[in-house]
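To keep things clear, I will list the structure first and then write my remarks on it.
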Amino acid sequence: MQRAFDAATAVHPLGDGRYRATIDEGWDIGGNANGGYLIALAARAIHDAVGRAPLTVTAHYIARGRSGPCEVSVDVMRAGRRTATAIARLRTDVDVLAVVGTFADQVPGGPTVIDSEPPDLPPFEECIRTAPPVPGSGFGDRVHIRLRPDDAAFRDGQSTGAGEINGWFTFADAPPADQQIDAFGLLQAADAFAPVCFNRLEVPIGWAPTLELTVHVRGVPEPGPLRCRFRNRFMQNGLFEEDGEIWDTRGALVAQSRQLALIPRG
């Protein structure tokens, strides 16, 4: 139940590790494609090349992703019995994104230690729906983000100062309970929320460009919306980091993320 997202991240093989794709204008914020959307698009090409799902993916953002045709080139570095590692480059008229990823099927079992728990959220309908405050952005119509009310105060200029944002994630083209989000959807969820720095004091609301984003896929989600928590501990020299946890409806950890981004300028 992520039909629009699947279509917008589709890739078409051209041979020799090259893929034709389109950066869809419906997944942009002020004309710039969302970073989670771009990493998912590049990951689709690697998936086609190696035949396995994303396990850990790191992207470095080189230029803004403008809507229109693009090409993804994939270089498979190693393909073993369980894992495959590849490098991908997404390009329009300029290099937009460089990705390195290890892809593998999830293998349940082994020792388990979970030293955290899902965020405590009000019911989906009682949380506050948010969308990028940028005219002409399509991204807020494609995903359905609902924040815990206490974490949404930054929208009214009343940041909590806590450096944390919690809420629900779904795609907008199906009822929340019917969502079946796959590994590529988890890549999108990892970069769908408002930057956590907005809940720091004296940080203006504006574009916070991602420099690097890493996502670890830890499991296959059960159907339904995802519970998400994003935290920040360090802000200095114009940069902030954001650590994410994504949990499914049964309370299982299904993804983690970390990104480094620029603090918006006033």
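The values are calculated or read from the model by the stated rules, or taken from the named source; none is laboratory data. Please read all numbers here as calculations on a predicted model, not as lab measurements. No Cβ is skipped: glycine too gets one built from the backbone with ideal geometry, and neighbour counts run over all protein chains shown. Heads up: the accessible areas ignore ligands, DNA and RNA and are worked out on the full protein's heavy atoms, side chains in. Shrake-Rupley method; radii C 1.70, N 1.55, O 1.52, S 1.80 Å.
Multiply the residue gap between Ala79 and Ser116 by 0.36 nm, knock off their C-alpha separation, and tell me the result in nm, one decimal place.
Gain on stretching Ala79 to Ser116: 10.0 nm.
Take the alpha carbon atoms of the range 91-176, find their radius of gyration, then divide it by 2.2 N^0.38 Å using N residues; give the quotient.
1.50
Compare the Cα positions of His47, Phe198, Asn32 along the charge dipole of the chain (+1 at Cβ of Lys, Arg; -1 at Cβ of Asp, Glu; about the Cα centre) and return the one farthest towards the positive end.
His47
Could you work out the relative contact order of the range 1-138? I mean the mean sequence separation of Cα pairs under 8 Å and 6+ apart, divided by the number of residues, in percent. Show your work: numbers first, answer last.
Values: 251 pairs, mean separation 34.9, N = 138.
Contact order relative to length: 25 percent.
On the full set of protein chains, 1.4 Å probe, figure out the accessible area of Ser116 and give it in Å² to the nearest 10.
50
Taking 20 °C and 1.002 mPa s as the conditions, I'd like the Stokes-Einstein D for the range 1-125 in µm²/s, using the Kirkwood hydrodynamic radius from alpha carbon pairs.
Working: Rh = 15.8 Å.
Estimated via Stokes-Einstein, D reaches 136 µm²/s.
Return the whole-Å distance between the Cα centroid of the range 202-266 and the Cα centroid of the range 42-56.
Cα centres, the range 202-266 to the range 42-56: 21 Å.
Grab every C-alpha pair in the range 59-104, bin the distances at 10 angstrom width from 0 up to the longest one, and report whole percents.
Calculated P(r), rounded to whole percents: 28, 44, 22, 6.
May I ask you to give the solvent-accessible area per residue for the chain, in square angstrom, as obtained with a 1.4 angstrom probe?
Computed with neighbouring chains in place, this is 47 Å² per residue.
With charges only on Cβ, +1 for K and R and -1 for D and E, what is the dipole size of the chain about its Cα centre, in debye, rounded to 20?
560
In degrees between 0 and 90, to the nearest 10, how far off the longest principal axis of the chain does helix 35-50 point, with axes built from Cα atoms?
Once rounded, one gets 30 degrees.
Please work out how much accessible surface Met77 shows to a 1.4 Å probe, ignoring ligands, DNA and RNA, in Å² rounded to 10.
110
From the square roots a ≥ b ≥ c of the eigenvalues of the alpha-carbon gyration tensor of the range 87-133, which class results: rounded (a/c under 1.5), prolate (a/b over b/c), or oblate?
Since a/c reaches 1.5 but b/c is at least a/b, the shape of the range 87-133 is classed as oblate.
Once the other residues with Cβ under 15 Å from the Cβ of Val113 are scored (Lys, Arg +1; Asp, Glu -1), what is the net sum?
Charge balance near Val113 sits at -2.
Any chance you could run the full-extension gain for Arg258 through Thr160? It's 0.36 nm times the residue separation minus the Cα-Cα distance, nm to one decimal. Present the calculation step by step, with values, prior to reporting the outcome.
Numbers: separation 98, 0.36 × 98 = 35.28 nm, distance 2.12 nm.
Using 0.36 nm per residue and subtracting the Cα-Cα distance, I get 33.2 nm.
For Arg64 and Gln106, what does the FRET efficiency come to when R0 = 22 Å and r is the distance between their Cβ atoms, rounded to the nearest 0.05?
0.10
Take the Cα of Arg129, step 7 Å along the line toward its Cβ, and report every residue of the range 188-209 whose backbone nitrogen sits under 17 Å from that point.
193-194
Using protein chains only and a probe of 1.4 angstrom, how many square angstrom of His60 are accessible, to the nearest 10?
100
Percent of Cα-Cα pairs per 5 Å bin, from 0 to the last occupied bin, for the range 174-266, please list those.
All Cα pairs considered, the percentages come to 3, 14, 24, 21, 14, 12, 8, 3, 0.
Given a 1.4 angstrom probe, I'd like the percentage of the accessible area of the chain that is carbon and sulfur, rounded to a whole number.
The nonpolar share, carbon plus sulfur, comes to 49 percent.
Could you check which residue among Ala98, Ala43, Ala255 shows the biggest mean-square fluctuation in a GNM of the chain with a 10 Å Cα cutoff?
Ala98
Name the residues of the range 204-228 whose amide N is less than 12 Å from a point 7 angstrom out from the Cα of Ala177 along the C-beta direction?
Inside the label zone: 224-225.
Give, in whole angstrom and from largest to smallest, the semi-axes √(5λ) of the equivalent ellipsoid of the chain, with λ running over the eigenvalues of the Cα gyration tensor.
Each semi-axis is √(5λ); the values are 28, 22, 18 Å.
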